[in-house]
Amino acid sequence: MYRKFIRHNPKNPVLITVPHSGDFYPDVFLKNIRLDLDKIRKIEDFKSDQIIKFVNKDAADVIVAQCSRAVVDLNRSRKAIDNNMFEKIILNSNADEKKMLSYGLGVFPKLIQNENIFKDKLPISYGKYILESFYDPFHLNVNSQIETLISKFGVCYHFDLHSMPYKAVKNMKNKPDIVLGNNYQKSCSLEFVNYIKKNFEKYGLKVSVNDPYAGGFITRNYGNPSKGIETLQIEVNRDLYMDEENLLLKNINSVQEIFSKIFNLFSYSPRIAAE
């Protein structure tokens, strides 16, 4: 389940994905949980899709997940599965992203604030249904659109938009408003990162690169500069646009304006960045 806004005749090779803003909880999930939904919702990138609300429809292709990341985390490998969550073995091969699994944050999140989300072990049918209904369609569409833009332009500038809790940066000396992650230059070029960094900084925002977030599965999986795919994760400090405790938007207009200016006026090329 996702929303997509795909241009018929794109004028540039820009794609924006928003994998964690979803607030849909299917019945099959709700009937298996032990925690209150209000607590579970804290894991959402609450309304992060609203950050790009005023980006012109002709400025970028956009794919937004609608299913909550508490149900299925699209920024994890399909094989980041903890078999202990299920009544029977659901993954016969080695699991991916073992570190995230140890935190209870695999493709099927298990823990929120160290509390178990689910009452009991889940049937295998649950896992297959969630992956086939929500995970696979999103990634098939992202992959397809990247290929479409590569075919037309020879390059794709792919931005993966997230929001981060203020507590993630509160102990940093220079608390960033924006964190750009490119898996330490593996998912996109340094020139591209610097171009985007300068764009945010000219609007007065503090920007960090790869600290504390260097990018997740989406960044690692899709970014491939040697093939023309420049994938960059953007984390927006929630303190800029929302009340985290009460899940309410506040002062989002200025953030929306900055994002609209950056993307509506987007004109990056490696030659310009090198000058």
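Readers should treat all values here as calculations from the given coordinates under stated rules, not as data from a laboratory. On a predicted model such as this, the values are computed, not experimentally measured, just so you know. Every residue, glycine among them, receives a Cβ derived from its backbone with ideal geometry; neighbour counts consider all protein chains shown.
Residues are listed down the side, and each one gets a yes or a no for (1) among the acidic types (Asp, Glu); (2) farther than 30 Å from His8 by Cα; (3) out of contact with any Gly (no Cβ under 9 Å at 6 or more places or on another chain):
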| residue | (1), (2), (3) |
| --- | --- |
| Ile33 | no, yes, yes |
| Gln50 | no, no, yes |
| Phe108 | no, yes, no |
| Lys119 | no, yes, yes |
| Val142 | no, no, yes |
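Taking the stretch 1-14, which residues are within 16 Å of the chain's Cα centre (by Cα) and under 15 Å from Asn264 (Cβ atoms)? Val14 - this is the single residue of the stretch 1-14 that is within 16 Å of the chain's Cα centre (by Cα) and under 15 Å from Asn264 (Cβ atoms).
Restricting the first member to the stretch 23-52 and to residues that are more than 17 Å from Tyr166 (Cα to Cα), and the second to residues that are among the acidic types (Asp, Glu) and buried (at least 16 other Cβ atoms within 10 Å of the Cβ), the beta-carbon pairs closer than 7 Å and six or more apart or on different chains are Asp23/Glu44. Taken as a whole, the stretch 113-131 holds at least one residue that is buried (at least 17 other Cβ atoms within 10 Å of the Cβ), β-branched (Val, Ile, Thr) and over 20 Å from Ala65 (Cα atoms).
Looking only at the stretch 33-70, which residues are crowded, with 20+ Cβ neighbours inside 10 Å and either on the phi > 0 side of the Ramachandran plot or in a loop (DSSP other than H, G, I, E, B) (or both)? Asp45, Phe46, Val55, Ala59, Ala60, Ser68, Arg69, Ala70, listed by residue number. For the stretch 250-270, a residue qualifies if it is touching a strand residue (DSSP E or B) at 6+ places or on another chain (Cβ under 9 Å) and surrounded by 15 or more Cβ atoms within 10 Å (Cβ to Cβ), and the qualifying residues are Ile252, Val255, Phe259, Phe263, Phe266, Tyr268. Count of the stretch 15-29 residues, restricted to those that are acidic (Asp, Glu) and under 20 Å from the mean Cα position of the chain (by Cα), is 1. Listed by first and then second residue, the pairs with beta-carbon distance under 9 Å, at least 6 apart or on different chains, first residue in the stretch 232-254 and free of Cβ contacts under 8 Å to residues at least 12 places away in the same chain and at positive phi, second outside any helix (DSSP H, G or I) and not aliphatic (A, V, I, L, M), are Asn251/Tyr241.
Whether a residue is among the β-branched types (Val, Ile, Thr), over 24 Å from Leu248 (Cα atoms) and in contact with a strand residue (DSSP E or B) (Cβ under 9 Å, 6 or more places away or on another chain) was assessed, and Ile40 does not pass this test. Could you please find all residues in the stretch 74-87 being without any contact (Cβ under 8 Å) to a residue 40 or more places away in the chain and part of a loop (DSSP other than H, G, I, E, B)? Lys79, Asp82, Glu87, listed by residue number.
Lys198 satisfies every condition listed in (1) surrounded by fewer than 18 Cβ atoms within 10 Å (Cβ to Cβ); (2) among the charged types (D, E, K, R); (3) closer than 27 Å to Lys167 by Cβ except (3). Being among the basic types (Lys, Arg), over 23 Å from Leu15 (Cα atoms) and touching a residue at least 60 places away in the same chain (Cβ under 8 Å) holds for only one residue in Lys128, Lys175, Lys167, Lys152, and it is Lys175.
Here the helices (runs of 4 or more DSSP H) wholly within the stretch 93-155 that include at least 1 residues being of a type in the set (S, T, N, Q) and over 13 Å from Phe29 (Cα atoms) are 98-102, 136-153.
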